[in-house]
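Nothing in this text is a laboratory measurement; each read-out follows from the coordinates by a stated rule. None of the values given here were measured: they were computed from a predicted structure. Methodologically, a virtual Cβ is constructed for each residue, glycine included, from the backbone with ideal geometry; neighbour enumeration extends over all protein chains shown.
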């Protein structure tokens, strides 16, 4: 099972490091990352493997959302099945 994390906000040092560290804390493996800077805005989409989480998925979502809020970022976490269903034509 996988999940998609999207992060948007003002660019600053350490965004990728902090989000990936939160994932590592709960045994969520980062399998793919794309990121860019649009003027002064940081935009990232991260795919993580969640099959071996050491916590529940809702706890992971809460932790990443909280981390984003503390950094002034918008962080959204979505199960891959939901993401695929939303983007199917």
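For residue 21 and residue 38, calculate 0.36 nm times their separation in residues minus their Cα-Cα distance, and state this gained length in nm to one decimal. Value of the extension gain: 3.7 nm. Overall shape: oblate for region 46-89, with the ratio a/c of the largest to smallest alpha carbon gyration tensor axis at 1.5 or above and b/c at least equal to a/b. So, in Å, what gap is there between the alpha-carbon centers of region 48-62 and region 14-30? The distance from the Cα centre of region 48-62 to that of region 14-30 comes to 11 Å.
Using 0.36 nm times the number of residues separating residue 81 and residue 52, minus their current alpha carbon distance, what extension gain do you get? Please list the in-between numbers first.
Working: separation 29, 0.36 × 29 = 10.44 nm, distance 1.69 nm.
That works out to 8.8 nm of additional length.
Neighbour counts of other Cβ atoms within 10 Å put 73, 64, 38, 16 in the fewest-to-most order 38, 16, 73, 64.
Per residue of the chain, what 222 nm ellipticity follows from adding -39500 (n - 2.57) for every DSSP H run with n ≥ 4, rounded to the nearest 500? Display every interim value, and only then the final one.
Working: 3 runs with 33 residues, N = 89.
Value at 222 nm, helices only, nearest 500: -11000 deg cm²/dmol.
When 65, 34 are sorted by how many other C-beta atoms sit within 10 angstrom of their C-beta, beginning with the fewest, the order is 34, 65.
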